[in-house]
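The values are calculated or read from the model by the stated rules, or taken from the named source; none is laboratory data. Bear in mind the structure is a predicted one, so any value in this text is a computation, not a measurement. FYI the Cβ positions are ideal-geometry reconstructions off the backbone, even for glycines, and counts take in every protein chain you see. Just the protein is used for accessible areas: all its heavy atoms, side chains included, with ligands, DNA and RNA removed. Shrake-Rupley method; radii C 1.70, N 1.55, O 1.52, S 1.80 Å.
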Amino acid sequence: MDDRALYQTILGLQAPWQVERVELRPEPGEVEVWVAAAAGMGFACPECDAAAPIHDHVERRWRHLDTCQFRTLLCARVPRLRCATHGVRTARVPWAEAGARFTALFERLAIAWLRESTPTAVARRLGLSWDEARGIMTRAVRRGLARRQPSVVPHLGIDEKSFLKRHQYVSVVVDLDRPRILHVADDRKAVSLVEYFASLGEAQRTGIEAIAMDMWEPYRHTVRAHVPDADAKIVFDKFHVLQHVSTAVDTVRKQEHQALLAAGDTRLTRTKYVWLRNPVNFSATAWREFAALRNSTLQSARAWAMKESLRRLWDYTYVGAARTFFRRWYGWAMRSRLEPMKKVARMLQAHLDNILTYLTHRITNAVTEGLNAKIQWIKYSARGYRNREAFKMAIYFHCGGLDLDPRGA
Ligand SMILES: [Zn+2]
């Protein structure tokens with residue numbers, strides 16, 4: 001088998017394309033595979049598929065998968081066609097998408113690596129510039145978004161993600177049933193989500209059954225403006241609610257700790273996380289060790305007991321019973337003389353209707369934990385994501401559930 005036949009086979013070239021010659025350059029470690037169309041073959045306009053005569057040729061090259069560690073370039077003089085309708089157009093080639101500088105196989109390899117590593121690492125391993133690696137990623141996302149078919153997503157989650165050391169935010173819209181991120185928007189303002197909801201058709205909008213989110217007025221505002229019967233569908237997320245209560249417990253602990261320290265009492269030293277931990281995450285030993293603190297008369301212990309008791313709110317089957325439970329809890333908080341607990345209790349009281357919609361829809365943003373872990377990975381592993389656009393692109397790439405592969409052999 002000569003080198004032309006070898007590359008013909010390796011590249012899987014189909015008629016009319018065939019290998020014309022192979023040029024090996026040992027010095028840079030490169031091989032150029034020149035490919036040409038057999039003479040007399042007809043071509044079709046890439047726009048309308050109508051047969052069109054050849055106008056002229058243009059020399060193009062594509063980076064291909066390395067062969068035997070040689071950087072491999074596919075080179076061709078590609079016909080430009082003269083279509084009666086569309087004018088002069090470059091003919092389609094089967095190994096790459098229009099305008100690409102890499103063959104589809106090479107892009108697929110790069111995409112597979114980019115799924116598991118950072119653009120910087122992939123660029124280094126594949127001998128690409130950082131911009132080229134990012135370009136492959138961006139094109140993959142655009143391709144995936146363009147291919148996505150409009151579908152009804154009954155259970156949505158809306159959440160915010162910080163980046164750049166928490167100074168900036170993006171808002172994400174999540175499909176809770178098939179965990180994937182549908183939309184990434186700038187900031188966390190009311191206007192952030194307008195583009196997403198405005199892009200939905202009538203069936204998609206009315207098909208939304210429930211939306212989990214934090215008690216964040218700008219999000220609620222936009223959902224109410226775009227989703228019919230929104231008040232019955234908005235579910236203030238259980239974990240966000242408990243997060244607010246945990247923050248109040250922590251404030252009580254900090255204030256009390258300062259006061260105790262002033263009197264030389266170190267009981268609360270280094271106890272921050274035991275008060276915040278979910279009891280199901282304690283080891284038996286840690287739980288026993290925590291007994292003296294949680295059973296004490298400390299203010300922190302009372303605040304903690306309130307937080308833990310509140311978890312039962314989500315166990316109720318009937319809204320009426322849950323309301324009765326909450327009324328008692330609220331009274332307990334208001335009589336506690338712990339200002340942070342009173343403040344958070346008032347906040348929950350004001351939002352209670354949409355906290356209790358949970359009992360109807362049973363959704364939380366917790367299913368997005370896997371996606372959150374990926375976003376954390378994106379944030380901390382990729383020092384390259386210094387701007388928001390790159391961060392958004394990476395979220396779509398890793399969490400969008402998109403079909404990213406280029407067409408072509
Ligand atoms: Zn045409």
Residues with amide H under 5 Å from that of Leu81, placed H, sequence gap 5 or more: His55, Arg89, Thr90, Ala91
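Grab the beta carbon distance between Thr324 and Phe239, set R0 = 30 Å, and tell me the FRET efficiency rounded to 0.05.
Working: r = 23 Å, r/R0 = 0.78.
Efficiency, from the Cβ-Cβ distance: 0.80.
Just the number please: accessible area per residue for the chain, 1.4 Å probe, all protein chains included, in Å². It would help to have the intermediate numbers written out before the result.
Working: 21190 Å² over 409 residues.
In whole numbers, the chain has 52 Å² accessible per residue.
Sort region 61-186 into rounded, prolate or oblate with this rule: let a ≥ b ≥ c be the square roots of the eigenvalues of the Cα gyration tensor; rounded if a/c is under 1.5, and if a/c is not under 1.5, prolate when a/b is larger than b/c, oblate otherwise.
oblate
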Please work out the Cα convex hull volume for region 238-361 and give it in Å³ per residue. 106
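Please compute the length gained on full extension between Ala291 and Glu97, using 0.36 nm multiplied by the number of residues separating them and subtracting their Cα-Cα distance. The partial results should precede the final answer.
Details: separation 194, 0.36 × 194 = 69.84 nm, distance 6.47 nm.
Going from the current span to full extension adds 63.4 nm.
Between beta-carbons, use under 12 Å as the cut-off and find the net charge around Val241, counting Lys and Arg +1, Asp and Glu -1. Display every interim value, and only then the final one.
Working: positive: Lys238, Lys307, Arg311; negative: Asp214, Asp237.
Here the charged neighbours net out to +1.
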Nearest 10, in degrees from 0 to 90: the angle of helix 130-147 to the longest Cα principal axis of the chain is 80
Applying the Karplus parametrisation 6.51 cos²θ - 1.76 cosθ + 1.60 with θ = phi - 60° to the phi angles of region 336-348, what ³J(HN,Hα) value in whole Hz is obtained for each residue in order, glycine and proline being reported as x? 6, 6, 10, 4, x, 6, 5, 5, 5, 4, 5, 4, 5
The FRET efficiency for Ala112 and Arg346, from their Cβ-Cβ distance with R0 = 56 Å and rounded to 0.05, is 0.60
Going by alpha carbons, how many degrees (0 to 90, nearest 10) lie between the helix axis of 319-335 and the longest principal axis of the chain? 60
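How much of the DSSP beta bridge set in the chain is antiparallel, as a percent to the nearest 5? Working shown, then result.
Details: 39 of 52 bridges.
Of the beta bridges lying entirely in the chain, close to 75 percent run antiparallel.
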Diffusion constant of region 1-95 at 10 °C, which comes from Stokes-Einstein with the Kirkwood Cα-pair radius and 1.306 mPa s, µm²/s: 112
Val88 to Glu32: FRET efficiency via 1/(1 + (r/R0)^6), r the Cβ-Cβ distance, R0 30 Å, to the nearest 0.05? 0.70
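Could you give the C-alpha radius of gyration of the chain expressed as a fraction of 2.2 N^0.38 Å, taking N as the number of residues it contains? Kindly include the intermediate steps, with their values, before the conclusion.
Values: Rg = 29.7 Å, N = 409, 2.2 N^0.38 = 21.6 Å.
For the chain, the normalised Cα radius of gyration is 1.37.
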HN-Hα J couplings of region 63-69 from phi, Karplus 6.51/-1.76/1.60, θ = phi - 60°, integer Hz, Gly and Pro as x? 6, 10, 4, 4, 10, 6, 6
Considering the Cα positions of region 259-326, please state its Rg to one decimal place and its Dmax as a whole number of Å. 15.0, 48
Multiplying the sequence separation of Arg407 and Asp2 by 0.36 nm and subtracting their Cα-Cα distance, what value in nm do you get? 142.9 nm
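How large is the helix-only mean residue ellipticity at 222 nm for the chain, computed as the sum of -39500 (n - 2.57) over DSSP H runs with n ≥ 4, divided by its residue count, in deg cm²/dmol to the nearest 500?
Taken over the chain, the calculation gives -13500 deg cm²/dmol.
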Measuring from label point to label point, each 7 Å out along Cα→Cβ, what is the Ala284 to Gln204 span in nm? 5.2
Measure nothing but the geometry: give the 0 to 90° angle between the long axis through the Cα atoms of 388-399 and the longest principal axis through the Cα atoms of the chain, rounded to 10°. 90
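Leaving ligands, DNA and RNA out of it, report the carbon-plus-sulfur percent of the accessible area of the chain at a 1.4 Å probe.
Working: 10920 of 21190 Å².
Of all accessible area on the chain, carbon and sulfur atoms account for 52 percent.
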